[in-house]
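Data first, discussion second: the structure below is written as structure tokens.
The values are calculated or read from the model by the stated rules, or taken from the named source; none is laboratory data. Keep in mind the model is a prediction, meaning the values are calculated, not measured. Neighbour counts run over all protein chains shown; Cβ positions are idealised from the backbone, glycine included. Protein only, heavy atoms only, side chains kept; ligands, DNA and RNA dropped before computing areas. Shrake-Rupley method; radii C 1.70, N 1.55, O 1.52, S 1.80 Å.
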Amino acid sequence: MTKPGEGLCILVNANAKRGGRRIAVQTARFLPGANVKLTRSLEEATEFLRQVLPTKPKVIFSAGGDGTAIALVNALARVLPENEPLPPIGLLKLGTGNAWANVVGAPKLATALSVLRELHDREDALPLRRFGLVDVAYPREPGLGTLAHFAGAGWDAEILNDYKEQLEQSKGPPRFFAKSVYGYISAMLTRTAPKSIVYGRPHVLIENLGDEVYTVDSAGALVRVAGAKHGTVLWDGLMSVAGAATCPEFGYHFRAYPFAERLLGTINVRVFDRSTLGGIASIPKLWTGAHPLRGMHDWFTTAARFTFSRPMALEVGGDSLPPRRTVEMRVSPREMRVLDWRSLR
């Protein structure tokens, strides 16, 4: 007789907003057949995967936020040969923004565990959604590449750093506010925006490293960019945000890349070039992914190089990285199959 959770592996991030040992114990009790592991680092996750992958689990779950999910993806890429498909993953949202989990309709943890408890009786194939991955690399630092579902520089990275700094400084009841979407907006308005006004917008040169390039017209339809080829300059000007994604959300249901899933096999390169005050005025439209939007520019290509006029902090899959002048982003040959909670339920 099979036990609830049999065939599932669940990695619980000990450092997630709502993760930790308590969640790992709760999950293991509710799903006695699952292989539950509390992890604190990419190295621990990698070693665990080396042990469990030979058993061919049905789904490997990431219990945490976007950073936890991306750590799982990169650990899988480390363990499996490049020509071997990555196994299906599932997302249990315990993080802050939970962008990827929101896109696939992940419910609250208690509901998710109840659904998974019945999964061992399901005979038909699990519903999965395909996502491309952005391979983020640094030309002068080989070996530091990272797979992610979005990456960028500008306000997104700066807001993330300011949000984390604000959270660390918050004590008592204000900390509850600081951990919410309102804390995110507060960090943007009181920290990121003033610094942006003082230091001004940086300049970015974006070069196409792929072949064909597409964009979206005012109606949102895909249009091929005539004459675009390897080496074509996609953008040469000021920026507030510049990055690429294969997932439409940043977290908190912020649809920063509403067209990211439009053309599988490419990355959606995006630039927002409006000033700080113009960007603040556009927040409601930015949040909902409104299109067309003044100052917003989209391209779809397989690879692009970003060269900034000054070192820029980067956000890669929900984690912040040190400032760099140049970064390359390309579509990974590997794809992720992610459990679609909406279809499953």
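Quick check on segment 5-12. Is at least one of its residues acidic (Asp, Glu) and closer than 21 Å to residue 88 by Cβ? Break it down stepwise before answering.
Taking segment 5-12 and keeping what is acidic (Asp, Glu), we get 6.
Among the residues that remain, those that are also closer than 21 Å to residue 88 by Cβ are: 6.
So far as segment 5-12 goes, yes, one or more of its residues are acidic (Asp, Glu) and closer than 21 Å to residue 88 by Cβ.
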Seminar exercise, completed: The condition from (1) under 15 Å from residue 270 (Cα atoms); (2) in a helix (DSSP H, G or I); (3) of a type in the set (A, V, I, L, M) that residue 280 misses is numbered (1)
Exercise. Which is open to solvent by 10 Å² or more (accessible area, probe 1.4 Å), part of a loop (DSSP other than H, G, I, E, B), of a type in the set (D, E, K, R) and under 21 Å from residue 135 (Cα atoms), of 334, 274?
Worked result: 334
Exercise. Under the condition of being open to solvent by 70 Å² or more (accessible area, probe 1.4 Å) and either of a type in the set (Gly, Ala, Ser) or under 18 Å from residue 65 (Cα atoms) (or both), which residue from segment 128-164 is modelled with the lowest pLDDT?
Worked result: 143
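So which residues in segment 274-284 are out of contact with any Lys or Arg (no Cβ under 9 Å at 6 or more places or on another chain) and either closer than 20 Å to residue 253 by Cβ or among the basic types (Lys, Arg) (or both), if there are any at all? Before you say what the answer is, go through the steps one by one.
Kept after step one, since they are out of contact with any Lys or Arg (no Cβ under 9 Å at 6 or more places or on another chain), are these residues of segment 274-284: 277, 279-280, 283-284.
Listed by number, the residues that qualify are 279, 280, 283, 284.
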For this session: Could you pull out every one of the helices (runs of 4 or more DSSP H) wholly within segment 17-126 that has 2 or more residues that are under 29 Å from residue 261 (Cβ atoms) and more than 17 Å from the chain's Cα centre (by Cα)?
Result: 42-52, 66-79, 109-117
Exercise. Residue 20: touching an Asp or Glu at 6+ places or on another chain (Cβ under 8 Å), surrounded by fewer than 19 Cβ atoms within 10 Å (Cβ to Cβ) and of a type in the set (Gly, Ala, Ser), yes or no?
Worked result: no
Exercise. Would segment 244-261 turn up any residue that is surrounded by 21 or more Cβ atoms within 10 Å (Cβ to Cβ) and part of a strand (DSSP E or B)?
Worked result: yes
Seminar exercise, completed: Residues of segment 218-239 being open to solvent by 70 Å² or more (accessible area, probe 1.4 Å) and under 15 Å from residue 294 (Cα atoms), in sequence order, are 218, 219, 238
Problem set entry | Candidates 289, 295, filtered to the one that is touching an Asp or Glu at 6+ places or on another chain (Cβ under 8 Å), at pLDDT 95 or above and open to solvent by 10 Å² or more (accessible area, probe 1.4 Å) | 295
For this session: Of the numbered conditions (1) crowded, with 16+ Cβ neighbours inside 10 Å; (2) modelled with pLDDT under 90; (3) under 24 Å from residue 101 (Cα atoms), residue 125 fails exactly one; give the number of that condition.
Result: (1)
For this session: Kindly establish whether residue 315 is open to solvent by less than 50 Å² (accessible area, probe 1.4 Å), in contact with a helix residue (DSSP H, G or I) (Cβ under 7 Å, 6 or more places away or on another chain) and under 16 Å from residue 242 (Cβ atoms).
Result: yes
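Residue-by-condition table, conditions (1) over 18 Å from residue 146 (Cα atoms); (2) of a type in the set (Ser, Thr, Tyr); (3) in contact with a strand residue (DSSP E or B) (Cβ under 8 Å, 6 or more places away or on another chain):
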residue	(1), (2), (3)
12	yes, no, yes
35	yes, no, yes
42	no, no, no
52	yes, no, yes
56	yes, no, no
75	no, no, no
